[in-house]
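**Student:** Questions regarding the structure given below will be posed in turn.
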Amino acid sequence: MNPNKEKDADLIWRLSLGYESAAAALYDQYGQLVYQMALLAKQQNKSNSIDPDQVVVDAFVRMYKQSGKYNADVPLEKWVQLQTRLCIADKLAPKSADTGFWARAAEFARKRQRTG
């Protein structure tokens, strides 16, 4: 059992309400971990698309936005790691205009125009 479960849940609850002190406490507790994860991802992927400082900002913004969905049964550190991994994955995802439904729909429309 997680002895900090109630404390963690209270911290995230206060974060969801917009308390700056909760955001500061979360950053103080996990900022270094988030930065290290981002730096490691940059090194492993040799990617210019990952700026560790920006990942830290994006991860904490994501945590704020997702704080209302926090499940207190999950240790807070694991949740922070998950939110950080999702931010890193977003940075590594291809940013091509040729992917997705609307790009395929546009291609379909262009083909129909040429044949019709």
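The values are calculated or read from the model by the stated rules, or taken from the named source; none is laboratory data. Values in this document were obtained by computation on a predicted structure and should not be read as measured data. Neighbour counts are summed over all protein chains in view; Cβ atoms, including those assigned to glycine, are modelled from backbone coordinates with ideal geometry.
**Student:** Which number in (1) surrounded by 14 or more Cβ atoms within 10 Å (Cβ to Cβ); (2) assigned to a helix (DSSP H, G or I) marks the one condition that residue 108 misses?
**Tutor:** Result: residue 108 fails condition (1) only.
**Student:** In segment 1-35, which residues are under 15 Å from residue 55 (Cβ atoms) and either touching a residue at least 40 places away in the same chain (Cβ under 8 Å) or surrounded by 14 or more Cβ atoms within 10 Å (Cβ to Cβ) (or both)? Lay out the reasoning, then the answer.
**Tutor:** Looking only at segment 1-35, we keep the residues that are under 15 Å from residue 55 (Cβ atoms), and these are 27, 30-35.
Once the filter is applied, which keeps residues that are under 15 Å from residue 55 (Cβ atoms) and either touching a residue at least 40 places away in the same chain (Cβ under 8 Å) or surrounded by 14 or more Cβ atoms within 10 Å (Cβ to Cβ) (or both), segment 1-35 yields 27, 30, 31, 33, 34, 35.
**Student:** Right, next: Return the residues of segment 32-70 that are among the charged types (D, E, K, R) and closer than 25 Å to residue 9 by Cα; say none if nothing qualifies.
**Tutor:** Listed by number, the residues that qualify are 58, 62, 65, 69.
**Student:** Hey, could you check segment 62-102 for residues that are basic (Lys, Arg) and either buried (at least 19 other Cβ atoms within 10 Å of the Cβ) or outside any loop (DSSP other than H, G, I, E, B) (or both) and say which is modelled with the lowest pLDDT?
**Tutor:** Step one: list which residues in segment 62-102 are basic (Lys, Arg), which gives 62, 65, 69, 78, 85, 91, 95.
Imposing the further condition that a residue be either buried (at least 19 other Cβ atoms within 10 Å of the Cβ) or outside any loop (DSSP other than H, G, I, E, B) (or both) reduces the set to 62, 65, 69, 78, 85, 91.
Details: 62: 95, 65: 95, 69: 94, 78: 96, 85: 95, 91: 87.
So the residue we want is 91.
**Student:** In this structure, is residue 38 small (Gly, Ala, Ser) and either crowded, with 18+ Cβ neighbours inside 10 Å or modelled with pLDDT of 95 or more (or both)? Reasoning before the result, please.
**Tutor:** Working: small (Gly, Ala, Ser): yes; either crowded, with 18+ Cβ neighbours inside 10 Å or modelled with pLDDT of 95 or more (or both): yes.
It is true that residue 38 is small (Gly, Ala, Ser) and either crowded, with 18+ Cβ neighbours inside 10 Å or modelled with pLDDT of 95 or more (or both).
**Student:** Would a scan of segment 16-29 turn up a residue that is among the aromatic types (Phe, Trp, Tyr), over 22 Å from residue 90 (Cα atoms) and assigned to a loop (DSSP other than H, G, I, E, B)?
**Tutor:** yes
**Student:** Only residues that are assigned to a helix (DSSP H, G or I) and exposed (fewer than 15 other Cβ atoms within 10 Å of the Cβ): list them for segment 41-61, please. Before you say what the answer is, go through the steps one by one.
**Tutor:** In the first step, residues of segment 41-61 are kept if they are assigned to a helix (DSSP H, G or I); the result is 41-45, 52-61.
Listed by number, the residues that qualify are 43, 44, 45, 53, 54, 57, 61.
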